[in-house]
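**Q** Provided herewith is a single structure, encoded as structure tokens, for subsequent inquiry.
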């Protein structure tokens, strides 16, 4: 079903709603993958508010790009990218989340395009298992490069995208 939405750059005024989307979508996406203790932590919303406040106001992160997707005046998705650690040439997608109700609607693609230029080499870390997200990134030209990391009970794989050369 078509969804009427818009994507725009995030602003500090979006912090509270972004934090709520972040927590809600983590709970939708990672229940059964991450521990309930993490997902149900009463401080999770506050920590995401602090995260987004820093991401959108701290000069250390001024080169990051954050975007929000809005439908019917409600935030329905968030994304953020920045320079890849240890590289000035490549972008890293730090996060991209939409509510499950908007999967397949084009919201995720619009958010990805808003924070990473298709002509720029890029990488990301994605939970494993998370076949839906991995298929989404594969569709957008990312491939697993064999790198794996674990943080507590969450295992992630790295996916990279090398843009096609211009004709």
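**Q** Post the alpha-carbon centroid distance, region 93-136 to region 18-50, in whole angstrom.
**A** 18
**Q** Where does each of 131-138, 156-163 land if you order them by average Cβ count within 10 Å, highest first?
**A** Put in order of decreasing packing, that is 156-163, 131-138.
**Q** Provide the gained length on full extension for the span residue 74 to residue 145, in nm with one decimal, where the gain is 0.36 nm per separating residue minus the Cα-Cα distance.
**A** Result: 22.0 nm gained on full extension.
**Q** Further, regarding this structure: Between (1) 0.94; (2) 1.09; (3) 1.00, which entry matches Rg/Rh (Cα atoms, Kirkwood Rh) as derived from the coordinates of this structure?
**A** Label of the calculated value: (1).
**Q** Using a Gaussian network model of the chain whose springs link C-alpha atoms within less than 10 Å, name the residue from 38, 115, 126 with the highest mean-square fluctuation.
**A** Its mean-square fluctuation being the largest, the pick is 38.
**Q** Can you sort 70, 116 from fewest to most other Cβ atoms within 10 Å of each residue's own Cβ?
**A** 70, 116
**Q** Sticking with this structure for a sec: If the elastic network links every pair of Cα atoms under 10 Å, which of 114, 144, 69 fluctuates the most in the Gaussian network model of the chain?
**A** Greatest mean-square fluctuation among the candidates belongs to 144.
**Q** Just from its helices, what would the mean residue ellipticity at 222 nm be for the chain, if runs of 4 or more DSSP H residues each count -39500 (n - 2.57) and the sum is divided by every residue, rounded to the nearest 500 deg cm²/dmol?
**A** Theoretical 222 nm ellipticity from helices: -9500 deg cm²/dmol.
**Q** Shifting gears a bit: Tell me, what is the FRET efficiency for residue 120 and residue 8 to the nearest 0.05, using R0 = 25 angstrom and their Cβ-Cβ distance as r?
**A** Computed FRET efficiency for residue 120 and residue 8: 0.80.
Taken together, the values in this text are just the output of simple stated rules run on the coordinates, not laboratory data. Model, not experiment: these values are computed from the prediction. FYI the Cβ positions are ideal-geometry reconstructions off the backbone, even for glycines, and counts take in every protein chain you see.
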